[in-house]
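The values are calculated or read from the model by the stated rules, or taken from the named source; none is laboratory data. Because the structure is predicted, anything quoted here is derived from the model rather than measured. As a convention, Cβ positions derive from the backbone with ideal geometry for all residues, glycine included, and neighbour counts pool all protein chains shown. What goes into the accessible areas is simple: the full protein's heavy atoms, side chains included, and nothing from ligands, DNA or RNA. Shrake-Rupley method; radii C 1.70, N 1.55, O 1.52, S 1.80 Å.
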Amino acid sequence: MTYWVSTVLIIFSIYFAISIALYYLQDYMLFKPEKLPLDFQFDYENQQTKEYNLETRDGAIINGLRFFPKGESKGVVLYLKGNSKSIKGWGKFAVDFTRHGYNVLMVDYRGFGKSTGKRSQKAIKRDLQEVYNKIKERTSEDRIILYGRSLGSGFATKLASLNNPRLLILDAPYYSLTKVTARYAPFMPLSILIKYPLPTYKWLKYVQCPIHIIHGTNDKLIPYKTSVKLAKIKPELTKLHTVIGGGHKNLNNFEAYHKMLDDILNSEPKTIDLETTSINVIHSAKKSKKKA
């Protein structure tokens with residue numbers, strides 16, 4: 001009896017120790033920031049940029065970079081990046097939007113690049129709302145597009161749920177970050193431990209603008225079926241764009257991805273008169289022949 005009690009206590013102690021470690025180390029496992037010196041100069045070939053620093057209510061500095069299109073602007077894309085590096089590297093993707101005539105604003109989350117401040121889910125959401133408010137001071141919301149990539153997809157969805165942007169575009173989104181981590185730690189009490197649950201599926205219910213979801217079928221980190229599930233939450237507003245063979249980090253290497261962006265950014269939504277379609281036609285069941 002003593003042996004079994006000792007074994008259970010050892011197992012429980014190990015489980016408890018892993019739980020504590022997971023709670024305190026998750027920031028290091030989830031975020032892979034690249035720090036930049038304050039005097040770092042952003043430079044991109046054939047791209048005109050302007051750097052911004054936003055001071056938040058708690059004294060943090062959120063560093064951002066604006067990319068300008070050639071010619072007249074059609075609006076602003078607020079690009080919320082993934083969990084690694086800084087806008088120094090992510091800035092290379094701005095061309096996918098500036099070439100369509102859009103300004104692009106990228107910001108580094110707290111602790112990334114030149115941004116400062118203690119990081120938390122609440123703080124990041126508050127920071128991004130302040131950034132969104134600054135954009136609204138310069139243009140109307142019907143000219144604002146939210147683009148969320150991987151980690152940024154949850155934050156983009158939250159912003160869209162609280163505001164009225166023209167479009168919400170999600171690139172390789174997750175159902176919730178708790179669900180993603182559960183694949184790697186299925187026996188841990190993640191609902192209690194995770195400090196960044198980022199429940200995209202909950203926030204998506206309150207989004208009122210058109211939603212475009214882009215996902216690759218070969219995504220090993222966040223499975224394609226995640227986007228299929230998300231697309232069912234607001235099907236009347238959502239269009240799922242599938243990149244056949246696309247992984248988690250290489251969608252930009254597929255021609256299909258750029259064609260999808262072209263359709264999303266340049267096509268005006270059309271209202272369909274459903275009374276002129278076959279929407280109400282139901283296939284009749286095939287009648288079996290009865291033997292005499």
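List the pairs from K50/K202; K85/K158; K136/K229 whose alpha-carbon separation is above 30 Å, in the order I gave them. Display every interim value, and only then the final one.
Details: K50/K202 35 Å; K85/K158 22 Å; K136/K229 32 Å.
K50/K202; K136/K229, as the Cα separations exceed 30 Å there.
Take each of the peptides 43-55, 242-254, average the number of other beta-carbon atoms within 10 Å over its residues, and list them starting from the highest. Don't jump to the answer; show the numbers that get you there.
Details: 43-55: 12.2, 242-254: 16.2.
Ranked by mean Cβ neighbours within 10 Å, highest first: 242-254, 43-55.
Return the aspartates and glutamates within reach of K32: Cα separation strictly under 14 angstrom, same-chain partners fewer than 8 residues apart disregarded; answer none if there are no such residues.
Cα-Cα hits under 14 Å: D108.
Please report, in whole Å, how far the alpha carbons of the stretch 48-178 spread along each principal axis, starting with the longest.
Between the extreme Cα coordinates on each principal axis of the stretch 48-178 lie 39, 30, 27 Å.
Which order do you get for K259, K122, K81 if you rank them by accessible area with a 1.4 Å probe, largest at the top? Before the final figure, lay out the partial values.
Numbers: K259 120, K122 150, K81 0 Å².
Final ranking, largest accessible area leading: K122, K259, K81.
Packing-wise, with mean Cβ within 10 Å as the measure, how do 68-79, 100-111 rank, highest first?
Numbers: 68-79: 17.7, 100-111: 21.4.
Descending mean neighbour count gives 100-111, 68-79.
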